[in-house]
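> One structure is given below, represented as structure tokens, and several questions about it will come after.
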Amino acid sequence: MSVSIMTHPLIKHKITLLRKCGTGTSEVRKLIEEIAMLMGYEALADLPTADIRITTPIEETIQPVLNGKKLAVVPILRAGLGMVNGILALVPSAKIGHIGLERDPETHEPREYYCKLPDNIGERQIVVVDPMLATGGSAIAAVDFIKQRGGKKIKFMCVIAAPEGVDALTKAHPDIQLYIGCLDRCLNENAYICPGLGDAGDRIFGTK
Ligand code: PRP
Ligand code: URA
């Protein structure tokens, strides 16, 4: 697995604002979207292109455009939804799949409640998005589902990761590419990331 940790100062700055207790719902949504867009710019640097012939006001020329089946963005519900528009700002024609997973509050194990992916998933570049990679259980389950349905080329993008989640995901799915906004210190006894940002779903959707 290749693991890329973001170094851009704009991403670092926005993640710091995102973590703060006083950052309210609308600002959290805006920041997550912006971070996803900045990370997407890096994560999609290897999208395939093909040359086409065009005419400029000056002359005919051969120039590159994106090539191949449209990208599939797959948010893990709920919190992953907050990252989708950031990627769509870069690739408006991307297809969107959804995977519904919820951590059991006692066992911290993920439970699937929904899965719908774009057709021909095996031929698409897939970007799974979720702001938080904590134990890694949700990410591993999401990638399992996508592979069971034929997905092959998979990238996973998260805003904040714990080392425990990175280790688990790396071991379970060594073939995927992982993009991390910031690698935090550890998990606490409730499997929350420290220092983290708290419950990403609640902060994005204002449910607490
Ligand atoms: C959060 C987060 C991830 C998961 C990460 O979702 O958005 O999906 O926890 O934890 P893990 O790495 O230990 O699996 P949550 O289960 O709280 O659901 P929600 O997005 O609906 O709030
Ligand atoms: N899920 C979250 O939303 N936050 C954490 O810190 C861990 C899992």
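> Go through segment 84-99 and report how many residues are crowded, with 17+ Cβ neighbours inside 10 Å and without any contact (Cβ under 8 Å) to a residue 24 or more places away in the chain.
So the answer is 1.
> A follow-up question, please. Being away from ligand 1 (no atom under 13 Å from the Cβ) and within 20 Å of A45 (Cα to Cα) is the filter here, so list the residues in segment 152-173 that pass it.
K152, K153, I154, K155 - these are the residues of segment 152-173 that are away from ligand 1 (no atom under 13 Å from the Cβ) and within 20 Å of A45 (Cα to Cα).
> Still on this structure: Of all residues in segment 59-96, how many are more than 16 Å from ligand 2 (Cβ to nearest atom) and over 18 Å from A43 (Cα atoms)?
Applying the first criterion (more than 16 Å from ligand 2 (Cβ to nearest atom)) to segment 59-96 yields 59-74, 84-96.
Filter again for over 18 Å from A43 (Cα atoms), leaving 59-64.
Within segment 59-96, residues that are more than 16 Å from ligand 2 (Cβ to nearest atom) and over 18 Å from A43 (Cα atoms) number 6.
> Among what's in segment 106-122 and is without any contact (Cβ under 8 Å) to a residue 24 or more places away in the chain and over 22 Å from G82 (Cα atoms), pick the residue that is most open to solvent (accessible area, probe 1.4 Å).
E106
> Out of the residues in segment 123-146 that are more than 14 Å from the chain's Cα centre (by Cα) and within 14 Å of ligand 2 (Cβ to nearest atom), state the one that is most open to solvent (accessible area, probe 1.4 Å).
Among those that are more than 14 Å from the chain's Cα centre (by Cα) and within 14 Å of ligand 2 (Cβ to nearest atom), it is T135.
> Considering only residues that are touching a residue at least 24 places away in the same chain (Cβ under 8 Å) and either in a helix (DSSP H, G or I) or surrounded by 20 or more Cβ atoms within 10 Å (Cβ to Cβ) (or both), which ones fall in segment 148-164?
Once the filter is applied, which keeps residues that are touching a residue at least 24 places away in the same chain (Cβ under 8 Å) and either in a helix (DSSP H, G or I) or surrounded by 20 or more Cβ atoms within 10 Å (Cβ to Cβ) (or both), segment 148-164 yields G151, I154, K155, F156, M157, C158, V159, I160, A161, A162, E164.
> Any chance you could count how many residues in segment 48-83 are open to solvent by 20 Å² or more (accessible area, probe 1.4 Å), closer than 18 Å to K155 by Cβ and within 20 Å of the chain's Cα centre (by Cα)?
Step one: list which residues in segment 48-83 are open to solvent by 20 Å² or more (accessible area, probe 1.4 Å), which gives 48-70, 77-78, 81.
Within this subset, residues satisfying the condition of being closer than 18 Å to K155 by Cβ are 48-49, 66-70, 81.
If we keep only those that are within 20 Å of the chain's Cα centre (by Cα) too, we end up with 48, 69-70, 81.
Of the residues in segment 48-83, 4 are open to solvent by 20 Å² or more (accessible area, probe 1.4 Å), closer than 18 Å to K155 by Cβ and within 20 Å of the chain's Cα centre (by Cα).
> Quick check on segment 25-47: of everything there that is part of a loop (DSSP other than H, G, I, E, B) and in contact (Cβ under 8 Å) with a residue 60 or more places away in the chain, which residue is most open to solvent (accessible area, probe 1.4 Å)?
In the first step, residues of segment 25-47 are kept if they are part of a loop (DSSP other than H, G, I, E, B); the result is 44-47.
So of that shortlist, the ones also in contact (Cβ under 8 Å) with a residue 60 or more places away in the chain come out as 44, 47.
On the way: L44: 22, L47: 39 Å².
Looking at residues that are part of a loop (DSSP other than H, G, I, E, B) and in contact (Cβ under 8 Å) with a residue 60 or more places away in the chain, I get L47.
> Of all residues in segment 165-208 being within 8 Å of ligand 2 (Cβ to nearest atom), of a type in the set (G, A, S) and assigned to a helix (DSSP H, G or I), which is surrounded by the fewest Cβ atoms within 10 Å (Cβ to Cβ)?
Step by step, filter segment 165-208, then rank; the result is G201.
The values are calculated or read from the model by the stated rules, or taken from the named source; none is laboratory data. Everything quoted here is computed from the prediction, not taken from an experiment. We place every Cβ from the backbone using ideal geometry, glycine too, and count neighbours over all the protein chains shown. Each accessible area value is taken on the protein alone, full model and side chains, heavy atoms only, with ligands, DNA and RNA left out. Shrake-Rupley method; radii C 1.70, N 1.55, O 1.52, S 1.80 Å.
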